[in-house]
Every structure is written in structure tokens, then in C-alpha cells.
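The block underneath contains the structure these notes are about, expressed in C-alpha cells.
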């Protein structure tokens with residue numbers, strides 16, 4: 001799968017090349033990560049990419065003409081591709097959506113920065129996504145989060161593919177779950193002990209315990 005990120009700060013995204021799981025997936029050619037510098041599509045000698053809002057409010061907005069040029073230059077024409085605008089008022093990003101994205105051939109992530117974007121840009125993307133009910137300075141951090149969440153669902157990215165199949169918010173049967181608590185050494189730390197059932201060596205009892213401790217996710 002190919003991830004393409006349209007951004008004013010390519011070096012911010014490119015740090016993923018050195019991140020453990022994602023970096024390894026890139027080196028092993030399980031995924032491809034490309035950055036597209038929005039500034040390359042800027043206007044005039046100063047390569048302008050944003051401008052003042054007509055409303056007179058503070059801040060600068062990404063221009064629709066610049067963003068559209070970048071999208072049209074970046075999106076593949078004959079692939080199953082999705083163009084996503086990262087914005088605070090977008091649809092909430094969930095594990096379910098990550099699973100959907102992981103089936104695509106290509107995911108293009110458009111990162112606005114500072115105040116936001118011209119509303120008309122939304123007519124040239126497939127959807128608008130938010131990673132939470134808060135505001136950050138730009139779409140780069142949300143883009144990295146989405147890449148991480150989607151990439152780990154792609155076959156061969158994790159050491160064992162089943163690792164992503166039994167995680168919190170994954171679909172188990174007809175519902176999504178929050179994974180049971182897990183423990184490792186030491187057995188006791190500051191008076192807090194590992195549940196003895198986990199040291200029983202009885203797979204059936206342990207299975208009953210883990211199922212009992214597994215909770216239903218709020219995500220449908």
C-alpha cells in the first residue's frame with residue numbers, strides 16, 4: 001500500500017522512515033511512504049500557499065487553487081485511491097475506518113496548517129477526517145497517527161499478523177472488544193501481584209479468565 005502526504009513540512013512526516021514498526025515496513029517494502037511538498041504548487045515568486053480569510057478573521061487559510069493542484073498531481077488515476085483532508089471538524093477516525101483504509105491501494109493525506117483551509121477544498125477530496133475533539137497546529141501529526149494505525153493492519157507489517165487481530169477495538173465475532181489486562185515479570189511489585197490464574201499453566205482456566213476480563217468496545 002502507498003501512503004502519500006501533502007504537507008508544508010515533508011521532513012516532519014519523513015521521520016517515520018526511522019520509526020520502528022513503520023520504518024521496518026518501509027524498508028521491507030510492505031508499504032510505501034511519499035511526501036509531496038505543498039510549497040511546490042505555490043503561486044508567484046514566494047510560492048504562496050495560503051491567504052487571509054475574506055471574513056477578516058485572524059489566521060491564514062490554505063488556498064483552494066493550490067490544494068487542488070497538489071491533489072490532482074498526486075492522486076493516482078488507475079488505482080483504488082482515497083484522498084483525505086485532515087481537519088478538526090471531520091468525521092472521527094476509528095479502528096473501523098483504519099480497517100477500511102487498509103484495503104485501499106493508495107491513501108492521500110492532505111495536511112492543512114495553522115488556521116485551516118478554504119471550505120471549497122472539501123469538494124476535491126473524498127472525505128474529511130479528525131483524529132479527536134481537540135485542535136493541533138496542523139494535519140501532520142494526525143496524518144502520522146493514521147499511517148501508523150492503517151499500516152499495522154497490512155499483512156506482513158507486524159511480526160505476527162494475528163497481533164493486530166486481537167487488539168483493542170478489533171472485531172471479534174459480531175462485536176469489537178477492549179483487550180484483557182496483561183502482565184509480565186516481576187510477579188510482585190510494591191505489593192501488586194500478577195493474578196495467580198495466569199501462572200496456573202491451565203490453558204482452559206486462563207482462557208476463561210481472559211474472556212471474562214475482555215470488555216466490549218464502544219466502537220460499533
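The values are calculated or read from the model by the stated rules, or taken from the named source; none is laboratory data. Everything numeric in this text was worked out from a predicted model, so none of it was measured. Note: ideal-geometry Cβ built from the backbone for every residue, glycine included; neighbour counts use all protein chains shown.
Points to keep in mind about this one:
- A single member of 69, 55 is touching a helix residue (DSSP H, G or I) at 6+ places or on another chain (Cβ under 6 Å) and surrounded by fewer than 19 Cβ atoms within 10 Å (Cβ to Cβ), and it is 69.
- Applying the criterion of being in contact (Cβ under 8 Å) with a residue 40 or more places away in the chain and assigned to a loop (DSSP other than H, G, I, E, B) to the residues of the stretch 137-152, the residue that is surrounded by the fewest Cβ atoms within 10 Å (Cβ to Cβ) is 152.
- Cβ-Cβ distances below 6 Å connect the following pairs, each with a first residue in the stretch 113-134 that is under 14 Å from residue 97 (Cα atoms), a second residue that is surrounded by fewer than 17 Cβ atoms within 10 Å (Cβ to Cβ) and at pLDDT below 95, and a separation of six or more residues or different chains: 130/88.
- Residues that are surrounded by 15 or more Cβ atoms within 10 Å (Cβ to Cβ) and in a loop (DSSP other than H, G, I, E, B) were ranked within the stretch 72-114; the one that is modelled with the lowest pLDDT is 112.
- Residue within the stretch 77-94 that is farther than 21 Å from residue 137 by Cα and touching a helix residue (DSSP H, G or I) at 6+ places or on another chain (Cβ under 7 Å) present: yes
- Inter-residue pairs, beta-carbon under 6 Å, first touching a residue at least 12 places away in the same chain (Cβ under 8 Å) and in the stretch 40-52, second part of a strand (DSSP E or B), 6+ apart: 42/48; 50/61; 50/62
- Any hit, the stretch 88-99, residues being within 18 Å of residue 146 (Cβ to Cβ), without any contact (Cβ under 8 Å) to a residue 40 or more places away in the chain and outside the structural domain of residue 177 (by TED's automatic domain parsing): yes
- The residues of the stretch 1-37 that are touching a residue at least 40 places away in the same chain (Cβ under 8 Å), assigned to a helix (DSSP H, G or I) and surrounded by 17 or more Cβ atoms within 10 Å (Cβ to Cβ), listed by number, are 12, 13, 16, 22, 25.
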